[in-house]
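Structure record follows, encoded as structure tokens.
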Number of protein chains: 4
Amino acid sequence: MIRFTNDYSEGCHPLILDAMARANLEGNPGYSTDPHSIHAHELIRAACQCPDADVHILVSGTQTNTTAISGFLRPWQAVISADTGHICVHETGAIEASGHKCIPCPNMDGKLTPDAIRAAYAAHNCVHMVQPAMVYISETTELGTMYTFEELTALRAVCDELDLLLYIDGARMGSALATGIITLPQIAQVADAFYIGATKNGALFGEALVLCNDRLKQDFRFNIKQRGGLMAKGWMLAVQFEVLFENDLFVPLGQHANEMAVRLRDGIAALGYSFASNSETNQQFPILPDTVIAALESDFDFEPQEKADDTHTIIRLVTSWATRPESVEAFLSALGEVTRAQEISA
Amino acid sequence: MIRFTNDYSEGCHPLILDAMARANLEGNPGYSTDPHSIHAHELIRAACQCPDADVHILVSGTQTNTTAISGFLRPWQAVISADTGHICVHETGAIEASGHKCIPCPNMDGKLTPDAIRAAYAAHNCVHMVQPAMVYISETTELGTMYTFEELTALRAVCDELDLLLYIDGARMGSALATGIITLPQIAQVADAFYIGATKNGALFGEALVLCNDRLKQDFRFNIKQRGGLMAKGWMLAVQFEVLFENDLFVPLGQHANEMAVRLRDGIAALGYSFASNSETNQQFPILPDTVIAALESDFDFEPQEKADDTHTIIRLVTSWATRPESVEAFLSALGEVTRAQEISA
Amino acid sequence: MIRFTNDYSEGCHPLILDAMARANLEGNPGYSTDPHSIHAHELIRAACQCPDADVHILVSGTQTNTTAISGFLRPWQAVISADTGHICVHETGAIEASGHKCIPCPNMDGKLTPDAIRAAYAAHNCVHMVQPAMVYISETTELGTMYTFEELTALRAVCDELDLLLYIDGARMGSALATGIITLPQIAQVADAFYIGATKNGALFGEALVLCNDRLKQDFRFNIKQRGGLMAKGWMLAVQFEVLFENDLFVPLGQHANEMAVRLRDGIAALGYSFASNSETNQQFPILPDTVIAALESDFDFEPQEKADDTHTIIRLVTSWATRPESVEAFLSALGEVTRAQEISA
Amino acid sequence: MIRFTNDYSEGCHPLILDAMARANLEGNPGYSTDPHSIHAHELIRAACQCPDADVHILVSGTQTNTTAISGFLRPWQAVISADTGHICVHETGAIEASGHKCIPCPNMDGKLTPDAIRAAYAAHNCVHMVQPAMVYISETTELGTMYTFEELTALRAVCDELDLLLYIDGARMGSALATGIITLPQIAQVADAFYIGATKNGALFGEALVLCNDRLKQDFRFNIKQRGGLMAKGWMLAVQFEVLFENDLFVPLGQHANEMAVRLRDGIAALGYSFASNSETNQQFPILPDTVIAALESDFDFEPQEKADDTHTIIRLVTSWATRPESVEAFLSALGEVTRAQEISA
């Protein structure tokens, strides 16, 4: 079975495992107060060209988003998100469980637009409604699409105008950076806070939350601890970021994932299929006939997203730093065969 | 200034004030354990033909909805509502503040349909999403429309099929019952829990929450207390329900409100204007030219809802048990004059 | 049955009922934006000599405490209280339900001391513990005792030193002011926020929350709404405070309650009984033999607090603006008889 | 610097690192639905002789406690704990942040007694107080002491009598089991739920929550996800438990830790020092003169707990599977020297 189900079905890059083994018996202070953590934070600040940022390394994406958002907002404040946003859909109501409404906006190819933010803000105009105080976006988006720096700058301008915080979920930041469309310093320039996801880009576990806005920094470690995210062995998360950022490994891992994805995309397009979103990143959403999907399922694992019409379904193909070219070739070859077989029988 | 802004700009029906004055110095045990409370609960059970129901009288609508919903759901469960639902829009995120997501569904004339519930349920199909466990509807709806008993029965069937609780917000239950479209026993028959709103139908303050489903009853008073709703002088809320239900006052007060509203509606329609919803109840939503609205604002107070087009706005006109026929006539007469004046000048 | 169970078994002072009747059909804007509310806020600010304070009138004590405390604290912050504090014991965990720990400290005659605050603060010294950010006290205390202005000033000094907010629960502020030990301007001078309780001092329902510290004011109405405390007919709460503060009624009502309590106290003491606390206010805590208590229970209603020893129990006697001198005499006379009868039989 | 600060300053046992390396590139389904997870759950059920238990592997202790407790309780319910309990003190209010009060009871050598539970239960006797619904204990306790099976059985009996759940925090279950005082099947027999902590006993990260009581099982994965604990690479946590329980490694690692601790204890006692608690497990609490502590601090790292008197302090010494005998000898030898030097100079 060849998997394109997600970008976390493998553990970590071998260099990371080596580094973890080397650090394993060092003996380190707990709770991210150790030299590895201090060093990893410094490397991340440098990569972001944001020398004053506070960096906190947490262990999972939902935890990071909840800790950040609940730490930033007052009780009556809400976060604006695309209706496809991870926090709106796929975190089992974690944001609401922390007391805050997610205001869903219609997405444009997975993205939030300045106009959608303005409309959501304008619709919340009195004390009987939640107070929008924050914008949540994902880079790359849940549909594999990307905000350009221009688009991010436009969102930042709206946030400044309306006094909203801008928070960027970087679960797939590796893939985003690897496109060359955006850089970490640009992300740090527009965001009040964001996280750099490593779980989906080479690490075993680990998400580095970067707080750029001074106002968000105070007492944040209390918040992490309360939300269950202050890890006793935080240094074992930090070691992973040391490898990724000291060896300039983070972006190349994303590049490999993207290359595999683009190869899939181009091969699938060459067979005449179309896509539900326009992605250059490690998630591709082809629309395939249900009969084709059925024929592929014995050898390949992937997730159906939603029905496109009565006989077609959008599927999601995800690649990672660990995806092998042979797997991509096998998929394209199988898809070609199935396609031709069905054309003949039709 | 003549007001059609809401149905709570007057205090309470004079009979209620009299009863409160009579009970004022009686001396009663606190926290709704007094004879008035016991009697009021009994009257409400009888009116609902639901002898086993638990009744709790609370003091405001948002408090009642939050106490009920947060008391019924487990942490990861969510409530399905029309996107126009009061809890979705106008309670400043109180449901989310209690930890639960409101799942908004497209409304049909302010109403939730079985298909919308099914779609929302189907879309939440895994552990990464909240678990829909409850349906919230309002009778009358936020647009003044109503569910018929047939429609309620259909919603109940969907809830049974999908194992969802059905909760009915009766902030304007007086107006609903007054139409004759629905009765309290029918409401009690379909709902797991509902409340009978008196604040908007003759009382000073007070909402009677009726728990029909045995599973929801246990320890509910703890929940009320924790949410700040267990009133020291609960008997002064109960006295109001005694008057409303002992004297058969509740429905007639709603009838007056509806009569005033229908008179407004028919008069406005006769002048050629259309409406944003099809209401027989105490909220009417005419669509008027902005120039007409501007001309009315010096003498009449009402709330704009939203723009219908570039030159027209939907306004909300609300009547109550206290609305005087002269006020209605004055509005219609003024609207007639303004309309004619603008036709001539056009 | 003569009641000394609490100070809320009657409705409201007749002057308040009159004022409510007069205002009943005025027609007023909702949600405390009306002229009565504006006027009541102004009267309260004047009484406190605190012209810049924000005043919000809520409907119950638990609601007021929860709204205030949850609105003032960040998620990881906690409130320091005497272990007898109302929020620690008698609010069904409402503060914890809003996400915040109450740190209980040993009380001295119902009071929190500077040393106890310092000790609680010092014991919470790392990121693995909640961060104390606020001190909660009640004036009068839950044991009927009082903080003098000197004691309050000392608490304020500790709060300033340790960067803690000082919040005063004034559920029985009427009784406190009536002693002459403290004044409203003094309360306003030391507190960051406090509330003036009227439910237990002449009003039907109503607690006036006074925000003195500018930092606590922003967006507070959102918080009230979310917690279910923004009343549609807020003006009917305001009318009650207009009567209490315009007619200089608030303190005299407390004086009557205190007089009745002191008469009880002195009469009980004259019979040779001692007390669990040293109170000049409307709550008295005599220690009586269980046999005496048993003999009184057929004619008098009051609450046992806790066992003093195997044969004695501390009871609570509460008086109010509505307590009649005859009731006090009847109690003292009955207690005298029972006491003598038991002495003879012993 | 030799550390006795905690039992998590090393990574994981080398066998675990090997197993993680072997599994690293396997490709596994996410979110603990993989074969390793299924196998680890089976091994744990077998070790507990509890074939019907549900097992969930989470990533940290605070997360596990919060997820369990908030998943088990209704909003108004509270958890009874010793005042030294980890949830009461060292989780930054995580339980309160989930909405529930921790009721602290006086501890006996770190332990909760049936009498203390009964007293806490009896003190919460009305709707104005939280409802105790659960007992939380730690095995080993926060003071290194242990409940015997007899003591646990007595606690279970009280819980049955008062309808309370019994939950056991097993952050240091390895050390507990290694004493021979208790077994996993005995733990599973008395507890409604408990967790087996591996982070402090050989694993990198990982706590296995065992749900014995059927009533607690339903939908629990939703709860884990909402609390941020459903790890994408859950299989990498499971692999660690496979090693610990397949190779019978878990108890021997605890035995080593205990041996080192007992050697420390006996050596310290032989020098004439006493202890704050009576521990046979991997935490020891000697009481040392401040001058001695000062002399040790340059070479040894450990945590002061609290002042014993003006010139003595209780310190905590913690050992683990990774503590080397040479470190223990070095400490005892240094302590001996310092002690003798101070005796001479005295």
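The values are calculated or read from the model by the stated rules, or taken from the named source; none is laboratory data. Keep in mind that what you see is a predicted model, and the values were worked out from it rather than measured. Note that each Cβ is placed from the backbone with ideal geometry, even for glycine, and that neighbours are counted across all protein chains shown.
Inspect all residues belonging to segment B:213-231 and state whether any of them is within 15 Å of the chain's Cα centre (by Cα), among the hydrophobic types (A, V, I, L, M, F, W, C) and either assigned to a loop (DSSP other than H, G, I, E, B) or within 26 Å of C:Thr199 (Cα to Cα) (or both). No, the conditions are met nowhere in segment B:213-231. Residues that are part of a helix (DSSP H, G or I) and crowded, with 20+ Cβ neighbours inside 10 Å were ranked within segment B:8-19; the one that is nearest to the other protein chains (Cβ to nearest Cβ) is B:Ile16. Check whether at least one residue in segment C:244-251 is within 25 Å of the chain's Cα centre (by Cα), at positive phi, modelled with pLDDT under 95 and surrounded by fewer than 17 Cβ atoms within 10 Å (Cβ to Cβ), and report yes or no. Within segment C:244-251 (the criterion being within 25 Å of the chain's Cα centre (by Cα), at positive phi, modelled with pLDDT under 95 and surrounded by fewer than 17 Cβ atoms within 10 Å (Cβ to Cβ)), the answer is yes, since at least one residue qualifies.
Keeping to segment D:130-160, report how many residues are touching a helix residue (DSSP H, G or I) at 6+ places or on another chain (Cβ under 9 Å), surrounded by fewer than 22 Cβ atoms within 10 Å (Cβ to Cβ) and among the hydroxyl-bearing types (Ser, Thr, Tyr). Qualifying residue count for the region: 1.
Among the residues of segment C:208-221, the ones that are among the polar types (S, T, N, Q) and either surrounded by 20 or more Cβ atoms within 10 Å (Cβ to Cβ) or within 14 Å of chain A (Cβ to nearest Cβ) (or both) come to 1 in all.
Taking the conditions (1) free of Cβ contacts under 8 Å to residues at least 60 places away in the same chain; (2) in contact with a His (Cβ under 8 Å, 6 or more places away or on another chain); (3) in a helix (DSSP H, G or I); (4) not polar (S, T, N, Q) in turn, A:Leu288 satisfies each one other than (3). Would you confirm whether any residue within segment C:222-245 is more than 17 Å from C:Ala47 (Cβ to Cβ) and of a type in the set (Val, Ile, Thr)? The answer is yes; a qualifying residue exists.
How many residues does segment B:184-227 contain that are under 26 Å from C:His86 (Cα atoms) and of a type in the set (Gly, Ala, Ser)?
Qualifying residue count, segment B:184-227: 1.
For (1) touching a residue at least 60 places away in the same chain (Cβ under 8 Å); (2) within 30 Å of A:Leu230 (Cα to Cα); (3) of a type outside the set (A, V, I, L, M), each residue gets a yes or a no:
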position	(1), (2), (3)
C:Asn28	yes, no, yes
C:Thr66	yes, yes, yes
C:Gly71	yes, yes, yes
C:Arg74	no, yes, yes
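Is it true that some residue in segment B:98-112 is among the β-branched types (Val, Ile, Thr), buried (at least 22 other Cβ atoms within 10 Å of the Cβ) and out of contact with any Pro (no Cβ under 8 Å at 6 or more places or on another chain)? The answer is no, given that none of the residues of segment B:98-112 is among the β-branched types (Val, Ile, Thr), buried (at least 22 other Cβ atoms within 10 Å of the Cβ) and out of contact with any Pro (no Cβ under 8 Å at 6 or more places or on another chain).
What do you reckon, is A:Trp321 touching a residue at least 12 places away in the same chain (Cβ under 8 Å), in contact with a Gly (Cβ under 6 Å, 6 or more places away or on another chain) and among the aromatic types (Phe, Trp, Tyr)?
yes
For segment B:305-346, a tally of residues being part of a helix (DSSP H, G or I) and touching a Pro at 6+ places or on another chain (Cβ under 8 Å) returns 1.
Is there a residue being without any contact (Cβ under 8 Å) to a residue 40 or more places away in the chain, closer than 30 Å to D:Arg227 by Cβ and within 14 Å of chain A (Cβ to nearest Cβ) anywhere in segment B:133-154? No, segment B:133-154 contains no residue that is without any contact (Cβ under 8 Å) to a residue 40 or more places away in the chain, closer than 30 Å to D:Arg227 by Cβ and within 14 Å of chain A (Cβ to nearest Cβ). The residue list B:Gly206, B:Gly202 contains one member that is in contact with a helix residue (DSSP H, G or I) (Cβ under 9 Å, 6 or more places away or on another chain) and closer than 28 Å to C:Ala97 by Cα, which is B:Gly206. Applying the set (1) among the β-branched types (Val, Ile, Thr); (2) surrounded by fewer than 20 Cβ atoms within 10 Å (Cβ to Cβ); (3) more than 8 Å from chain D (Cβ to nearest Cβ); (4) under 26 Å from D:Pro35 (Cβ atoms) to A:Thr5 leaves exactly one unmet item: (3).
When A:Glu246, A:Glu297 are checked against the criterion of being out of contact with any strand residue (DSSP E or B) (no Cβ under 7 Å at 6 or more places or on another chain), closer than 16 Å to A:Asn201 by Cβ and among the charged types (D, E, K, R), a single residue qualifies: A:Glu246. For segment D:267-291, residues that are in contact with a strand residue (DSSP E or B) (Cβ under 9 Å, 6 or more places away or on another chain), of a type in the set (A, V, I, L, M, F, W, C) and closer than 17 Å to D:Val338 by Cβ total 4.
When the residues of segment A:302-328 are filtered to those that are acidic (Asp, Glu) and under 21 Å from the mean Cα position of the chain (by Cα), the one that is modelled with the highest pLDDT is A:Glu303. Within the set B:Phe194, B:Phe205, the sole residue that is crowded, with 24+ Cβ neighbours inside 10 Å, touching a Cys at 6+ places or on another chain (Cβ under 9 Å) and assigned to a strand (DSSP E or B) turns out to be B:Phe194. Checked against (1) surrounded by fewer than 24 Cβ atoms within 10 Å (Cβ to Cβ); (2) touching a Phe, Trp or Tyr at 6+ places or on another chain (Cβ under 6 Å); (3) closer than 26 Å to B:Arg227 by Cβ, C:Thr84 passes all but condition (2). Could you tell me whether any residue of segment C:222-238 is within 11 Å of another protein chain (Cβ to nearest Cβ), of a type in the set (Val, Ile, Thr) and farther than 30 Å from C:Ala133 by Cβ? Checked segment C:222-238: no residue is within 11 Å of another protein chain (Cβ to nearest Cβ), of a type in the set (Val, Ile, Thr) and farther than 30 Å from C:Ala133 by Cβ.
Determine whether C:Ala133 is out of contact with any Cys (no Cβ under 8 Å at 6 or more places or on another chain), part of a strand (DSSP E or B) and not acidic (Asp, Glu). Answer is yes for this residue.
Counting residues in segment A:159-169 that are aliphatic (A, V, I, L, M), closer than 18 Å to A:Arg45 by Cα, in a loop (DSSP other than H, G, I, E, B) and in contact (Cβ under 8 Å) with a residue 12 or more places away in the chain gives zero.
Only one of the numbered conditions (1) touching a Ser or Thr at 6+ places or on another chain (Cβ under 9 Å); (2) without any contact (Cβ under 8 Å) to a residue 12 or more places away in the chain; (3) within 14 Å of chain A (Cβ to nearest Cβ) is violated by D:Val127, and that is (3).
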